[in-house]
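Participant: Pasting a structure below so you can have a look.
The values are calculated or read from the model by the stated rules, or taken from the named source; none is laboratory data. Since the model is a prediction, treat every value here as computed from it, not as a measurement. A quick note on method: Cβ atoms are made from the backbone with ideal geometry, for glycine too, and the neighbour counts reach across all protein chains shown.
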Amino acid sequence: MLIRNRKLLRAFPTELKHDAVKVIKMINQTNKLDFSNCFEVNFRGSKLSIPERIYSNELSLSQYNSLTDRQQVVLNCLFTRHHDGFIREENLKKIINQCKEYNWIIPYIIRLTGEYVIEILQVIKDNLDNIDKAIITDFKAENAKFYNTIESRVISYWNYYYRRKYPVKTDYVGYEIIKYFNA
């Protein structure tokens, strides 16, 4: 396995290593998987290093269906970091209802909250009831600096892209998500 692929394994808790290896190998069999810098977060005692963006074509439906449920979630988490916002949104839709079963999805969702694509933010807002607040609270405690950066990005993106449409920041979907996470 290439060094970059080994580095990509750190995007998930160690108990998912077998699943992550299978997913990464499958992606690399089809096309080259590349990624940009990673952001680091702590998650329940593990230090995760998650790519800011990945560059790869999606798997075929038959390849996707050959994966176990957990492997599909691993793949979908990776593709929430895709350089194409439409692909990030579609993969988010596939995993957001599974947060309670696969709580390691939370860092991926929190990171998406700090992005400017309003359609992605709307998917998160529409599914807040599926996100366990206790896991969010624990994540925030373990990653105060990272979470503060996400909050700052939400306000910055509102100010730059959406202030005219939503003059009151509390009406902006990103702010509503942060308010829910902080409640």
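Participant: Residue check: is Glu58 without any contact (Cβ under 8 Å) to a residue 12 or more places away in the chain and either surrounded by 13 or more Cβ atoms within 10 Å (Cβ to Cβ) or under 25 Å from Thr137 (Cβ atoms) (or both)? It would help to see each step written out before you state the result.
Facilitator: Details: without any contact (Cβ under 8 Å) to a residue 12 or more places away in the chain: no; either surrounded by 13 or more Cβ atoms within 10 Å (Cβ to Cβ) or under 25 Å from Thr137 (Cβ atoms) (or both): yes.
So Glu58 fails the test.
Participant: Within the group Lys94, Lys133, which residue is farther than 21 Å from Phe39 by Cα, of a type in the set (Lys, Arg), touching a helix residue (DSSP H, G or I) at 6+ places or on another chain (Cβ under 9 Å) and at pLDDT below 95? Give the derivation first.
Facilitator: Values: Lys94 fails: at pLDDT below 95.
Just a single option satisfies the conditions, and that option is Lys133.
Participant: Checking Ser36 against (1) surrounded by 15 or more Cβ atoms within 10 Å (Cβ to Cβ); (2) closer than 29 Å to Asn148 by Cα; (3) among the small types (Gly, Ala, Ser); (4) modelled with pLDDT under 95, which single condition isn't satisfied?
Facilitator: Looking at each condition in turn, Ser36 falls short on (1).
Participant: Sticking with this one: For the stretch 151-174, how many residues meet the condition of being under 15 Å from Lys125 (Cβ atoms) and either touching a residue at least 12 places away in the same chain (Cβ under 8 Å) or surrounded by 13 or more Cβ atoms within 10 Å (Cβ to Cβ) (or both)?
Facilitator: In the first step, residues of the stretch 151-174 are kept if they are under 15 Å from Lys125 (Cβ atoms); the result is 154, 157-158, 162, 166, 169-174.
If we keep only those that are either touching a residue at least 12 places away in the same chain (Cβ under 8 Å) or surrounded by 13 or more Cβ atoms within 10 Å (Cβ to Cβ) (or both) too, we end up with 154, 157-158, 162, 166, 169, 172-174.
Number of matching residues: 9.
Participant: Another question, then. For the stretch 72-131, which fully contained helices (runs of 4 or more DSSP H) count at least 1 residues that are polar (S, T, N, Q) and over 23 Å from Asn159 (Cβ atoms)? Show your work before the answer.
Facilitator: Numbers: elements: 85-95, 106-113, 118-126.
Result: 85-95.
Participant: Assuming Thr68 fulfils every condition listed in (1) touching a strand residue (DSSP E or B) at 6+ places or on another chain (Cβ under 8 Å); (2) at pLDDT 95 or above; (3) over 23 Å from Ile177 (Cα atoms) apart from one, which condition is it?
Facilitator: Among (1) touching a strand residue (DSSP E or B) at 6+ places or on another chain (Cβ under 8 Å); (2) at pLDDT 95 or above; (3) over 23 Å from Ile177 (Cα atoms), the lone unmet condition for Thr68 is (1).
Participant: Could you figure out which of (1) free of Cβ contacts under 8 Å to residues at least 24 places away in the same chain; (2) within 17 Å of the chain's Cα centre (by Cα); (3) closer than 30 Å to Lys22 by Cβ isn't true of Asn148?
Facilitator: It is condition (3) that Asn148 fails.
Participant: Follow-up question, since we're still on this one. So, in the stretch 61-104, of the ones that are in contact (Cβ under 8 Å) with a residue 12 or more places away in the chain, among the charged types (D, E, K, R) and farther than 26 Å from Glu142 by Cβ, which residue ends up surrounded by the most Cβ atoms within 10 Å (Cβ to Cβ)?
Facilitator: Here the residue is Glu89.
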